[in-house]
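Q: Okay, here's the structure, questions in a sec.
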Amino acid sequence: MAWRLLVVAWPVERRRNDAFWLPVFFRTSATDWLSEHPGDDREGWTGDDTVRLAKELQAHGVDLLDVSSGGMVPDAKVPTAPGYQVPFATRVREEVGLPTGAVGLVREL
């Protein structure tokens, strides 16, 4: 899992105790947009999977989850609109308590 790479590459103890501390941001795709479309029987990555991943990453010292979506399945139907990925970031922040960022057609704050 992704957190193993994080722990090996930059252990929490080192990041928290070094004089030169840097936060760790982790970027993930919140969904591959397969499960969101009725009629597409392929199993894929969902918002529930992202929440579970966020809990693991937080437990291993990730400071912020940067939430994107799509791009993993070339023929997936992605319903782009202004701020369309913000709900995924909001869900992680509210359910996990991990600070998040959202990307993709964010046009106003």
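Q: Counting other beta carbons within 10 Å of each residue's own, what order do 77, 55 fall into, fewest first?
A: Values: 77 12, 55 15.
Fewest-to-most Cβ neighbours within 10 Å comes out as 77, 55.
Q: Another question, then. Report, please, the projected area of the stretch 53-107 averaged over directions, based on the convex hull of its C-alpha atoms, in nm².
A: Values: hull surface 16.5 nm².
Result: 4.1 nm².
Q: Name the residues whose placed amide hydrogens come within less than 5 Å of the amide hydrogen of residue 102, ignoring near sequence neighbours (fewer than 5 apart) on the same chain.
A: Residues meeting the criterion, in which the H sits 1.01 Å from N, are 67.
Q: Using a 7 Å offset from Cα along Cα-Cβ at residue 75, what residues in the stretch 42-66 end up with backbone N under 13 Å from the label point?
A: Backbone N within reach: 42.
Read-outs: derived from the displayed coordinates by stated rules, not from any lab. This is a predicted model, so every value here is computed, not measured. We place every Cβ from the backbone using ideal geometry, glycine too, and count neighbours over all the protein chains shown.
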